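The values are calculated or read from the model by the stated rules, or taken from the named source; none is laboratory data. No experiment lies behind these values; they were computed from the predicted model shown. Here Cβ is always computed from backbone atoms with ideal geometry, including for glycine, and neighbour counts include all displayed protein chains.
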Amino acid sequence: MTPRHSRPEGAEKRLEEAVRAAKRQRDKAVRQAETTFWTEIAELKQSYRGAQTDIASVLGVTRDAILKSVNKYAGGQEE
């Protein structure tokens, strides 16, 4: 029979708090990366007529997906 785990008192609670803190940090970093990326895309799609179609082709997404992501992460920034 496999021996039972022996947890120090409060270890589970400390582990849970550490995991939640790591997840919050990761979520913040992902959000910042998405915001930076889509802000850049918002600027690039203004480069020339048809640029959004070309960007969609490069990224392998639809033009609508680009529009929605720019609106979500870059606040609909259109320069």
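Here's a check for you: in region 20-53, which residue that is of a type in the set (Asp, Glu) and surrounded by 11 or more Cβ atoms within 10 Å (Cβ to Cβ) is farthest from Tyr73 (Cα to Cα)? Once the filter is applied, the top-ranked residue is Glu43. Sub-9 Å Cβ pairs linking a first residue in region 28-42 that is without any contact (Cβ under 8 Å) to a residue 12 or more places away in the chain to a second residue that is surrounded by 13 or more Cβ atoms within 10 Å (Cβ to Cβ) and not in a helix (DSSP H, G or I), at least 6 apart or interchain, are Glu40/Ala74, ordered by first then second residue. Tell me which residues, restricted to region 1-35, are polar (S, T, N, Q) and modelled with pLDDT under 90. Correct list: Thr2, Ser6.
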